Amino acid sequence: MRCEKCNYLLWNLASRSCPECGEPFRPSSYSFAPNSVQFCCPHCGQAYYGTDDEGRLEPPQFDCVSCLANVHMDQMVLRPAEGLDEEQTRPPASPWERRKEKGWIRAWFAMAGMALFRPTRLMQVTSFKGTTGLAWNFATSTQLIIVTIMLLVPLLLFRAIFSPTVTLSVSRTLLGMIAVGMYSAVAVLLLLLLMCLWGAVTHALLSLTGHTAGGIDRTYRAICFSSGANVISLLPCIGIFGGTIWWLFSAVFMVKAAQRVGGLRAAFATLAPPLSAVVIVLLLVGWGMSSSISSARVAAPGNSIKSIAGALGRCAGGNSGAYPDHAIELAELGYVAGTDFVCATSGTDPAHVPVGGTTLAQFKLLPSAQQVAAAQAAAKSLPPETVAHRLGDFVFTYHGFDANTSKRQLWLVVYWPEWVPQNTSSGERVWVAMADGTTLSFPQKEMIARLKRQNDLRARAGLPPLPHPAQVTHKQPALVPATQPAQ
């Protein structure tokens with residue numbers, strides 16, 4: 001025990017001021033190793049030993065058993081216990097708390113080693129006096145070292161491997177170092193925020209499940225000092241995953257020792273927050289992927305039918321309002337690609353789509369002359385009384401009218417994959433492009449009612465009715481009913 005002002009030894013003093021500088025002192029303001037200091041009655045010399053966590057008397061005031069005088073700890077004469085020197089009376093302290101004596105580097109390596117292999121002992125020698133600022137200082141230093149090394153090593157390896165062929169100027173090197181520093185600072189800040197949340201939730205769970213040895217400051221000390229185990233992330237083949245696992249288990253042992261709780265309780269309170277965060281992230285990722293897939297399923301047919309509708313409009317505009325005899329002519333003339341007739345989300349294989357003696361997959365590989373021949377063959381394969389024909393996932397319903405005189409709401413093309421049955425109601429959507437160039441989307445279950453309204457419109461326009469798109473196949477186009485002459 002030394003004077004805080006001049007470092008003078010204050011043992012064996014009955015006065016409450018330093019003999020060297022006159023600075024007043026109180027024994028209750030010092031911490032000691034438990035049972036290492038004798039507190040002697042100022043009246044009779046009866047010795048008592050400090051037994052609480054800070055090595056002080058408990059209770060601080062009582063009647064002396066020898067002289068029966070009422071005494072207080074701050075009145076006592078203090079001396080080291082028999083057989084102990086002053087160094088042995090010092091309270092427990094972690095290497096980081098004594099880094100001024102040990103040196104910063106030695107203290108940091110000692111802390112990392114204890115966090116890795118002796119986490120319980122690290123908590124046993126940690127002082128819980130004062131604020132947690134020292135613990136956060138260690139956590140910040142540790143994460144900054146780890147993150148910086150993880151960012152620098154790839155850059156240094158890149159330079160070592162490619163230095164014969166790549167010349168890096170001083171300015172670029174400085175920019176690279178600044179970038180590493182900025183990324184490191186941001187990453188460390190995020191890690192510290194996560195640790196802050198982790199410690200708060202862990203302590204809340206401990207408090208809800210029973211008694212703890214101290215407040216949240218003890219929990220934060222355990223979390224912060226356990227971060228030294230994360231240094232294992234720097235080892236090849238182990239990396240961040242292994243380092244994180246080791247850190248979590250070190251934190252369990254250190255929370256157990258700091259709050260003096262059972263192992264299962266410490267494991268639950270310490271592991272529940274990060275594991276819950278992992279589960280939430282996985283659920284969000286899964287939801288995002290599901291949403292993306294659903295959006296793609298909606299967007300793919302919609303984008304394709306818009307592309308085909310635009311191609312039909314351009315083709316008719318260049319052909320006096322007449323639509324092509326067969327939809328494959330849109331690909332032969334370069335308005336669309338052959339693969340536009342098959343949506344990736346439908347599962348239809350272009351190699352199984354017949355067209356003009358070849359397949360849709362082979363069509364795009366044919367020379368120009370052979371594409372023309374295949375398109376002509378496909379057009380000739382359609383009977384004169386055709387009402388609608390299929391190509392890939394789309395049924396083309398423009399036969400019998402032209403772009404200049406047709407009603408604007410007549411259907412030009414319908415998205416309905418060949419494998420989808422007529423009575424389906426799977427929740428997928430139907431896409432339709434109309435003569436005015438707009439597109440329409442609706443659930444499959446509405447197809448029957450909408451087809452009826454479309455056929456009523458076609459009847460008023462003098463056009464034959466359309467069958468359900470599921471009835472139109474590559475081998476069997478829709479024809480004008482036998483009771484109705486072709487237009």
Across (1) modelled with pLDDT under 90; (2) within 23 Å of residue 303 (Cα to Cα); (3) among the small types (Gly, Ala, Ser), residue 406 clears everything bar (2)
Matching entry among 245, 232 (being within 21 Å of residue 145 (Cα to Cα), under 23 Å from the mean Cα position of the chain (by Cα) and without any contact (Cβ under 8 Å) to a residue 60 or more places away in the chain): 245
Within the range 341-354, which residues are crowded, with 20+ Cβ neighbours inside 10 Å and out of contact with any His (no Cβ under 9 Å at 6 or more places or on another chain)? 341, 342, 343, 346
Residue 441: over 51 Å from the mean Cα position of the chain (by Cα) and open to solvent by less than 50 Å² (accessible area, probe 1.4 Å), yes or no? no
Residues of the range 393-412 being open to solvent by less than 40 Å² (accessible area, probe 1.4 Å) and under 14 Å from residue 477 (Cβ atoms), in sequence order, are 394, 395, 396, 397, 398, 399
Unmet criterion (only one of (1) part of a helix (DSSP H, G or I); (2) more than 14 Å from residue 30 (Cα to Cα); (3) open to solvent by less than 80 Å² (accessible area, probe 1.4 Å)) for residue 101: (3)
In the range 224-277, which residue that is among the β-branched types (Val, Ile, Thr) and not in a helix (DSSP H, G or I) is modelled with the highest pLDDT? 261
Hits in the range 75-97 - residues which are in a loop (DSSP other than H, G, I, E, B) and within 57 Å of the chain's Cα centre (by Cα): 81, 84, 85, 90, 91, 92, 93, 94, 95, 96, 97
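Conditions (1) polar (S, T, N, Q); (2) open to solvent by less than 80 Å² (accessible area, probe 1.4 Å); (3) over 26 Å from residue 313 (Cα atoms), marked per residue:
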site: 418; (1), (2), (3): no, yes, no
site: 424; (1), (2), (3): yes, yes, yes
site: 450; (1), (2), (3): no, yes, no
site: 460; (1), (2), (3): no, no, no
site: 464; (1), (2), (3): no, yes, no
If we ask which residues in the range 206-223 are of a type in the set (Gly, Ala, Ser) and part of a loop (DSSP other than H, G, I, E, B), their number turns out to be 4
Would you please name the residue that is farthest from residue 439 (Cα to Cα), looking only at residues in the range 374-416 that are among the small types (Gly, Ala, Ser) and within 54 Å of the chain's Cα centre (by Cα)? 374
Residue in the range 372-392 that is most open to solvent (accessible area, probe 1.4 Å), counting only those that are over 20 Å from residue 351 (Cβ atoms) and small (Gly, Ala, Ser): 379
Regarding the range 355-368, can at least one residue be identified that is surrounded by fewer than 16 Cβ atoms within 10 Å (Cβ to Cβ), over 44 Å from the mean Cα position of the chain (by Cα) and over 25 Å from residue 399 (Cα atoms)? yes
Elements of type strands (runs of 3 or more DSSP E) contained in the range 1-74, each with 3 or more residues being touching a residue at least 12 places away in the same chain (Cβ under 8 Å) and open to solvent by less than 80 Å² (accessible area, probe 1.4 Å): 37-40
Answer yes if at least one residue in the range 229-238 is surrounded by 16 or more Cβ atoms within 10 Å (Cβ to Cβ) and either touching an Asp or Glu at 6+ places or on another chain (Cβ under 8 Å) or of a type in the set (Ser, Thr, Tyr) (or both), and no otherwise. yes
Where the second residue is open to solvent by less than 20 Å² (accessible area, probe 1.4 Å) and of a type in the set (Val, Ile, Thr) and the first is farther than 17 Å from residue 403 by Cα and modelled with pLDDT of 90 or more and lies in the range 319-342, which pairs have Cβ atoms under 7 Å and are six or more apart or on separate chains? 328/355; 336/308; 342/353
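The values are calculated or read from the model by the stated rules, or taken from the named source; none is laboratory data. The structure displayed is predicted, hence computed values, not measured ones. No Cβ is skipped: glycine too gets one built from the backbone with ideal geometry, and neighbour counts run over all protein chains shown. Only protein heavy atoms, including side chains, enter the accessible area calculation; ligands, DNA and RNA are left aside. Shrake-Rupley method; radii C 1.70, N 1.55, O 1.52, S 1.80 Å.
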